[in-house]
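The values are calculated or read from the model by the stated rules, or taken from the named source; none is laboratory data. All of these numbers come straight from a predicted model, not from anything done at the bench. In this analysis, Cβ positions are derived from the backbone assuming ideal geometry, glycine residues included, and neighbour counts consider all displayed protein chains. Accessible surface is based on the protein model in full, side chains and every heavy atom, while ligands, DNA and RNA are left aside. Shrake-Rupley method; radii C 1.70, N 1.55, O 1.52, S 1.80 Å.
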Amino acid sequence: MHSFHYNNGSLHCEGVDLQELAKQHGTPLYVYSQATIVDHFTRLDSALSEVDHLVCYATKANSNLAVLNLLAKRGAGFDIVSGGELFRIIQAGGDPSKCTFAGVGKARAEIQYALEQGIGCFNAESEAEVQRLNDIAGEMGKKAPVALRVNPNVDAKTHKYISTGKSDNKFGINFENIPDAYARAAELPNITLRGVQMHIGSQLTSVDPFVEAVKKVTPLVEDLKNNYGIEFFSIGGGIGIVYEDSLASNEPSWWSPDSASDEQATPITIEAYAEALVPLLKPLGLTIFLEPGRLIAGNAGVLLTEVLYEKKGSSKTFEIIDAGMNDLIRPALYQGHHDIVPVKEPTSAETTPVDIVGPVCESGDFFAQDRELPKLSEGDVIAVLSAGAYGFVMASNYNSRPFPAEILVDGTESHVIRKRQTYDDLIAGELIPGS
Ligand SMILES: *Cc1c(COP(=O)(O)O)cnc(C)c1O
C-alpha cells in the first residue's frame with residue numbers, strides 16, 4: 001500500500017496536497033507517509049504471526065528520528081550498522097536490547113558503546129571480529145551477545161552492488177567455515193552465542209533466493225541450536241519493492257508503465273514472502289528475526305523538486321531540476337529507476353521523451369534518461385517516487401548544496417521532521433587555522 005494519489009488535479013500524500021507543501025517548505029523536499037510506513041510494518045509483523053519473531057527495521061534505509069520513533073512505538077526492533085545509528089535509536093525511544101548490530105567493520109569505540117547500552121546482539125562477520133568482541137567485553141567485565149553471519153553462497157539475482165550472499169562478497173563467514181567458527185567462539189569466555197544470521201542482498205524481486213538460502217542453511221541452524229542453544233535465526237532483509245508503475249492503483253490517463261524502460265520488477269508481496277518462508281521456519285522452534293529496510297520505507301517517500309529550466313540539446317530535451325545526485329544518489333550509484341510524475345495532474349495523455357537532470361557538475365547527475373513524460377514547464381513541481389529508502393540517508397553536501405528538509409505526513413497534517421540546512425550549517429565545524 002502507499003498513499004500517494006491524485007486528488008482534485010494535484011498529487012497528494014494521504015490528505016496533504018504536495019503542491020502546497022512545496023510552496024510552503026521549498027524544494028527539494030522529502031515527504032513521507034506515516035500511514036504507509038506503519039502499514040508495511042504491521043502487515044509484515046502480522047504475516048509472521050505464526051512464528052515467534054521480531055521485525056528489526058534496517059535503520060540505514062531511513063534513519064530520521066521521527067521514522068524510528070514511529071516504529072519503536074509499535075514494538076519494532078532495529079538492525080543497526082554503526083554507533084551513530086544506535087545513538088539515533090536511543091534518541092528515538094528505541095530499545096537497545098532489541099537491536100542487532102551488523103557490519104563488517106565495527107570499530108572499538110562502537111563495540112564499547114553498544115556493550116554499555118546493552119545491545120541485543122552483535123551479528124559478527126568474521127572470526128577476527130568475534131575475538132575483538134571477546135576481548136573488549138572482557139575488559140569491560142561483560143559478556144558480548146553474538147550471532148555469526150553466514151554467507152550461504154546463493155545468488156540473490158540483484159544489482160551487483162547490493163548482492164551480499166555470494167562467497168565473493170565481503171559479507172559474512174563462508175557457509176563451510178561456520179561450524180568451526182562457532183566451535184571456536186564457544187571457547188571464548190566473554191561471548192554468549194545467541195543466534196545465527198544471514199542477509200543475501202537487497203531489492204530481491206523473487207522469493208526463490210530466500211527460499212533457497214533458508215533451505216540451504218536449515219540443517220546448519222538445527223545443529224547450532226542443538227550444540228550451542230542459540231535462540232534466534234535472522235533471515236535478514238532484502239524484500240524488493242516496485243519502483244515502476246508504483247502509482248498503478250490510481251492510474252492517471254497518461255500513465256503507461258509499458259513505455260518505461262528497464263527492469264520491470266515483479267515485487268514480492270509481504271503475503272507471498274510469509275507464505276513461502278513460514279512453513280520452512282516454523283519447525284526450527286527459534287525466534288525468527290527479519291531486517292527489512294526498503295520494504296518499510298521505500299514506497300513511503302517522495303522527493304519533490306522543481307523544474308528550473310528546459311534545455312533543448314541537438315538530440316535531447318533536458319529538464320533541469322533543483323534536486324541533484326547529492327540529494328538522491330540511487331540512479332547514479334545503482335542505475336536505480338524512479339518513476340517521476342508531475343505534481344499537477346496532466347490534462348492530456350500526450351508525452352515526450354526527456355532527460356531529467358540535476359544541477360551537480362557530474363554527467364552521472366541524472367534521474368531519468370529518455371523518459372516519456374507529460375509536457376513540463378519551468379516552475380512545475382515534480383515528484384520522484386519511491387524515494388523513502390536509501391534517499392535522504394545517502395544525501396551529501398557535494399557542491400556545497402544544503403540537505404533538503406524532510407516532512408512526515410499524517411492524514412491531513414504535516415510535520416517538519418528535519419529542517420532544511422542553511423549555509424551556516426554547511427560550514428559548521430570548519431576552522432581556518434590562525435583565525
Ligand atoms: C542493508 C541491510 C538490510 C536491509 O536491506 P533492505 O534491502 O533495505 O531490506 C538488512 N540487513 C543487513 C545486514 C543489511 O546490511
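Condition check: touching a Leu at 6+ places or on another chain (Cβ under 8 Å), over 20 Å from F233 (Cβ atoms) and in a helix (DSSP H, G or I). Does A114 satisfy that? When the stated conditions are applied, A114 passes them.
One residue stands out in the range 103-116 among those that are within 16 Å of the ligand (Cβ to nearest atom) and among the aliphatic types (A, V, I, L, M): the one that is modelled with the lowest pLDDT, namely V104.
Only one entry in V416, V393, V360, V341 is outside any strand (DSSP E or B), touching a residue at least 12 places away in the same chain (Cβ under 8 Å) and under 18 Å from S33 (Cα atoms), namely V393.
Restricting the range 186-217 to residues that are among the hydroxyl-bearing types (S, T, Y) and modelled with pLDDT under 95, which is nearest to the ligand (Cβ to nearest atom)?
Filtering the range 186-217 down to residues among the hydroxyl-bearing types (S, T, Y) leaves 192, 202, 205-206.
Next, from what is left, pick out any that are modelled with pLDDT under 95: 202, 205-206.
Working: S202: 3, T205: 11, S206: 14 Å.
Of everything passing the filter in the range 186-217, S202 is nearest to the ligand (Cβ to nearest atom).
Residue-wise test of (1) open to solvent by less than 50 Å² (accessible area, probe 1.4 Å); (2) within 16 Å of the ligand (Cβ to nearest atom); (3) within 15 Å of the chain's Cα centre (by Cα).
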| position | (1), (2), (3) |
| --- | --- |
| L11 | yes, no, no |
| E14 | yes, no, no |
| G26 | yes, no, no |
| L48 | yes, yes, no |
| T59 | yes, yes, yes |
| V67 | yes, yes, yes |
| G84 | yes, yes, no |
| K98 | no, yes, no |
| F101 | yes, yes, no |
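Residues of the range 160-185 being within 11 Å of the ligand (Cβ to nearest atom) and not polar (S, T, N, Q), which ones? Those that are within 11 Å of the ligand (Cβ to nearest atom) and not polar (S, T, N, Q): I162, G165, F171, G172. Quick check on the range 297-309. Is at least one of its residues of a type in the set (D, E, K, R), more than 16 Å from the ligand (Cβ to nearest atom) and closer than 30 Å to E372 by Cα? Yes - at least one qualifying residue is present in the range 297-309. Among residues of the range 95-106 that are closer than 18 Å to M198 by Cβ, those with a Cβ under 6 angstrom from a residue that is more than 10 Å from the ligand (Cβ to nearest atom) and open to solvent by 20 Å² or more (accessible area, probe 1.4 Å), sequence gap 6+ or separate chain, pair up as V104/K170. The residues in the range 69-78 that are closer than 18 Å to A300 by Cβ and within 16 Å of the ligand (Cβ to nearest atom) can be counted, and the count is 3.
Mind checking which strands (runs of 3 or more DSSP E) fall wholly inside the range 278-328 and carry at least 3 residues that are surrounded by fewer than 24 Cβ atoms within 10 Å (Cβ to Cβ)?
Working: elements: 287-290, 301-312, 317-321.
The qualifying strands (runs of 3 or more DSSP E) are 301-312, 317-321.
Would you mention how many residues in the range 419-433 are assigned to a loop (DSSP other than H, G, I, E, B) and either of a type in the set (A, V, I, L, M) or open to solvent by 90 Å² or more (accessible area, probe 1.4 Å) (or both)? Break it down into steps so the answer makes sense when it comes.
Kept after step one, since they are assigned to a loop (DSSP other than H, G, I, E, B), are these residues of the range 419-433: 419-422, 428-433.
Of the ones still in play, those that are also either of a type in the set (A, V, I, L, M) or open to solvent by 90 Å² or more (accessible area, probe 1.4 Å) (or both) are 419, 428, 430-433.
Selection size over the range 419-433: 6.
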